[in-house]
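Visitor: Take this structure, written in structure tokens, and hold onto it; I'll ask about it next.
The values are calculated or read from the model by the stated rules, or taken from the named source; none is laboratory data. Note that this is a predicted model, so its numbers are computed, not measured. Backbone-built Cβ (ideal geometry, glycine too); neighbour counts: all protein chains shown.
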2 protein chains.
Amino acid sequence: MNDIYCLIMAGGSGTRFWPKSRVKKPKQFLNIVGDRSLLQDTIGRFSAFTPTENIYIVSNKNQAEVLEGQTPLLPKENLIYEPVGKNTLPCIGLAAMFAEKENPDGVMVVSPSDHLITDEKLFSETVLSAVNIANEKDGIVTIGITPQYPATGYGYVQTDEDITGENAIKQFKVRRFVEKPDKNTAEGYLNEGGFYWNSGLFVFKVSVFLEAVKEFAPALYADLRKIQKDIGNQTFDQTLDTIYGAVESISIDYGIMEHAQNIYLVEGNFDWNDLGSWESVYQVNEKDGNGNVQSGEAIFIGAKNAFIDTDQGLVALIGLDDVVVVKEGNATLVCKRGKSEEVKKIVDQLKSEGRIEYL
Amino acid sequence: MNDIYCLIMAGGSGTRFWPKSRVKKPKQFLNIVGDRSLLQDTIGRFSAFTPTENIYIVSNKNQAEVLEGQTPLLPKENLIYEPVGKNTLPCIGLAAMFAEKENPDGVMVVSPSDHLITDEKLFSETVLSAVNIANEKDGIVTIGITPQYPATGYGYVQTDEDITGENAIKQFKVRRFVEKPDKNTAEGYLNEGGFYWNSGLFVFKVSVFLEAVKEFAPALYADLRKIQKDIGNQTFDQTLDTIYGAVESISIDYGIMEHAQNIYLVEGNFDWNDLGSWESVYQVNEKDGNGNVQSGEAIFIGAKNAFIDTDQGLVALIGLDDVVVVKEGNATLVCKRGKSEEVKKIVDQLKSEGRIEYL
């Protein structure tokens, strides 16, 4: 079997977890659930079936300190810093340049760094099933999450022919990738069946992926090859700045998955939560008898179904249901549950006002 | 005209302004409205018509540091520290012992330290009108606040004969003091007329007051005389601890005003607010176009009629109307407006759990 390489994409600067997430410590570095950060949990899931020296992380220099602090067991040379975020396709392409140098026949598993998945066993089995398809079919494989409700916040993948063999985990040829739908469309997908949530998890042979880049994004392909020649040289950082800094910003979904033919889907039935807002963190935590969730010191009086997270100090809540209170460092958020997607507006306002001490 | 002495009672440990009010810095020491503390505002009102060396403050040792810090212009010997709080009658009696030593013919004005009164001119005129009655009639005079609504949170004073002379400010003989009424009773008072809110402001000749103490609280009177003998001696603190520590705790209303005959009332038409809760602080502050009040750094998104007070750092409020958020030091309160009287429950809970770092 080919070597498995993992790429964890950790460059995101998610703003939905403000004030806990900050420019230098976005969501993936936070202990949102449990004692480890989401990134550390992600590394842990991959360590189950691949050696740590095969795990690459792409991030950016802003996050270097916290990233190195959280990944003491990973070789430093596996931490790749984008000079500027360019969405998923260039990011994956860059990591593929490193992996190909190690082993051109390797299989790469690409994963977001900030999702919550607790069933590690089923996760491993699902990924290994995807690795098998990637090898057998020379395909680009995505892991699709069985939809729980007609979500409008995720892209969907529509499946075609069922190619599940003796395997317990279902496998399909993919018909198409579709962008985030409106409510009616999402309901239609669920009624029709055969649609999965796009998890952002991809599996492919490095060589197969690079063929696709060459075909569907030839300019990027040429630039990546130039960058690859300089890996290990003293001039690498400068080369990366110059060339990578100028590539087109594009997602793998839009750049490849919506065009390529050899796309497969493996059904992901493990628990999965992309933790898109404080509301989803409330949902995944254990509640007390009043439906309250507490991290840090809190007192609830006449308050139900509320969420309090305080880094230090006490938060006391009186006479309010369905609220989220998050205190972190120099900022405190008080938000009606169900409005937590508007946290982004706070961050936008702070940015536009140049109040960087709160970002 | 006799010398005017002022006694500001500043020993309260008000818990309704937690987390801004703490054991060592209760309400009277807070800048709740404007740049000065309520105590400093109170001193300022009296400085308009009496020299600072005639202003006494009774407080307790817990508050000594903040009290001295806030009163740099007052003689240190005018700061009197109760070894333990004994309600208003012993407190006033104690101050009277000091004032009598200075001038047995003096008139004393007794005032709470934590009320908000902004019309200083009318306040002065009203107090001086009360001083006149106290002198002319050898009476104990209270200033009654013209009721704005049938409040159940204040005691009332029912007036009798109108003795207003040529003075612009109305003056009455008092029929009786009554305790905080229920809603129906309060409404009855307002319909009937002739009832005023008990402001806690009293004016009397020291000699007249001490006669009343002698008549209605003879044990206290005897103890106060013992304490007075030791004023200026090295043993004073110990004498105070022993004797004052053992006197009965009783209010001037209950101990004297409900019994004495020579009681008068001067009508107070100045603005007056006892700031009994965060709700009242919201009410007295200027609002922005959305009815929001802000002290410190705050962002409101989809939030109306809300109050944010933060000592440092930012508070962002999303999608909630009618809330109070107060961040001070190591504690943050988030409270539905209208529930702010329940803040006391937080303090009670913290006390019972011994979490003194938050008290």
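Visitor: Filter region B:186-201 down to the residues that are under 16 Å from B:Lys173 (Cα atoms) and aromatic (Phe, Trp, Tyr), then identify the one that is farthest from the chain's Cα centre (by Cα).
Guide: Per the stated criteria, the residue is B:Phe195.
Visitor: Among the numbered criteria (1) more than 7 Å from chain B (Cβ to nearest Cβ); (2) surrounded by fewer than 18 Cβ atoms within 10 Å (Cβ to Cβ); (3) within 25 Å of the chain's Cα centre (by Cα), which single criterion is violated by A:Arg355?
Guide: Exception for A:Arg355: condition (3).
Visitor: Quickly run through region A:191-234 and pick out the residues that are surrounded by fewer than 19 Cβ atoms within 10 Å (Cβ to Cβ), of a type in the set (Gly, Ala, Ser) and farther than 26 Å from A:Ala246 by Cα.
Guide: A:Gly193, A:Gly194
Visitor: Consider B:Val323 against the criteria (1) within 26 Å of the chain's Cα centre (by Cα); (2) over 18 Å from A:Pro19 (Cα atoms); (3) within 9 Å of chain A (Cβ to nearest Cβ): it satisfies all of them except one. Which criterion is unmet?
Guide: In the conditions (1) within 26 Å of the chain's Cα centre (by Cα); (2) over 18 Å from A:Pro19 (Cα atoms); (3) within 9 Å of chain A (Cβ to nearest Cβ), B:Val323 misses (1) alone.
Visitor: Considering each of B:Ile308, B:Ile299, B:Ile263 in turn, give the residue that is of a type outside the set (Asp, Glu), buried (at least 18 other Cβ atoms within 10 Å of the Cβ) and more than 10 Å from every other protein chain (Cβ to nearest Cβ). Let's see the steps before the verdict.
Guide: Numbers: B:Ile308 fails: more than 10 Å from every other protein chain (Cβ to nearest Cβ); B:Ile299 fails: more than 10 Å from every other protein chain (Cβ to nearest Cβ).
Answer to the check: B:Ile263.
Visitor: Another question about this same structure. Can you tell me which residue among B:Glu125, B:Glu136, B:Glu102 is free of Cβ contacts under 8 Å to residues at least 60 places away in the same chain and within 28 Å of B:Ala217 (Cα to Cα)?
Guide: B:Glu136
Visitor: Continuing with the same structure: Please go through (1) crowded, with 21+ Cβ neighbours inside 10 Å; (2) among the polar types (S, T, N, Q); (3) at the interface with chain A (Cβ under 9 Å from one of its Cβ atoms) for B:Gln349 and return the number of the only condition it doesn't satisfy.
Guide: Result: B:Gln349 passes all but (1).
Visitor: Can you tell me which residue in region A:241-260 is surrounded by the most Cβ atoms within 10 Å (Cβ to Cβ), limited to those that are among the β-branched types (Val, Ile, Thr) and either in contact with an Asp or Glu (Cβ under 9 Å, 6 or more places away or on another chain) or modelled with pLDDT under 95 (or both)?
Guide: Checked region A:241-260; the qualifying residue surrounded by the most Cβ atoms within 10 Å (Cβ to Cβ) is A:Ile256.
Visitor: Would you check if A:Asn273 is in contact with a strand residue (DSSP E or B) (Cβ under 6 Å, 6 or more places away or on another chain) and modelled with pLDDT of 95 or more? Show your work before the answer.
Guide: Details: in contact with a strand residue (DSSP E or B) (Cβ under 6 Å, 6 or more places away or on another chain): yes; modelled with pLDDT of 95 or more: no.
No.
Visitor: Within region B:269-294, take every residue that is touching an Asp or Glu at 6+ places or on another chain (Cβ under 6 Å) and away from every other protein chain (no Cβ under 14 Å) and give me the one that is surrounded by the most Cβ atoms within 10 Å (Cβ to Cβ).
Guide: B:Phe270
Visitor: Take region A:326-342 and flag every residue that is more than 24 Å from B:Trp18 (Cβ to Cβ) and more than 7 Å from chain B (Cβ to nearest Cβ).
Guide: The answer is A:Arg337, A:Gly338, A:Ser340, A:Glu341.
Visitor: Then there is this: For the structure I just gave you, tell me whether B:Val131 is assigned to a helix (DSSP H, G or I), touching a residue at least 60 places away in the same chain (Cβ under 8 Å) and crowded, with 19+ Cβ neighbours inside 10 Å.
Guide: Values: assigned to a helix (DSSP H, G or I): yes; touching a residue at least 60 places away in the same chain (Cβ under 8 Å): yes; crowded, with 19+ Cβ neighbours inside 10 Å: yes.
Taking the combined requirement at face value, the residue satisfies it.
Visitor: Something else now. Would you confirm, using the coordinates I've provided, whether B:Ile92 is farther than 27 Å from B:Asp309 by Cβ and either among the polar types (S, T, N, Q) or more than 17 Å from the chain's Cα centre (by Cα) (or both)?
Guide: So B:Ile92 does not fit the description; no.
Visitor: Oh, and also: Quick test for you: out of A:Gln238, A:Gln234, A:Gln283, A:Gln261, pick the one residue that is closer than 30 Å to A:Tyr156 by Cβ, in the same structural domain as A:Gly144 (by TED's automatic domain parsing) and free of Cβ contacts under 8 Å to residues at least 24 places away in the same chain.
Guide: Selected residue: A:Gln261, the only one of A:Gln238, A:Gln234, A:Gln283, A:Gln261 that is closer than 30 Å to A:Tyr156 by Cβ, in the same structural domain as A:Gly144 (by TED's automatic domain parsing) and free of Cβ contacts under 8 Å to residues at least 24 places away in the same chain.
Visitor: Working carefully through the options A:Arg45, A:Arg36, find the one that is part of a helix (DSSP H, G or I), among the basic types (Lys, Arg) and in the same structural domain as A:Gly200 (by TED's automatic domain parsing).
Guide: Numbers: A:Arg36 fails: part of a helix (DSSP H, G or I).
Result: A:Arg45 is the single residue among A:Arg45, A:Arg36 that is part of a helix (DSSP H, G or I), among the basic types (Lys, Arg) and in the same structural domain as A:Gly200 (by TED's automatic domain parsing).
Visitor: Turning to a different aspect of this structure: Do you know which residues across region B:151-169 are out of contact with any Ser or Thr (no Cβ under 8 Å at 6 or more places or on another chain), surrounded by 14 or more Cβ atoms within 10 Å (Cβ to Cβ) and hydrophobic (A, V, I, L, M, F, W, C)?
Guide: Selection gives B:Ala151, B:Ile163.
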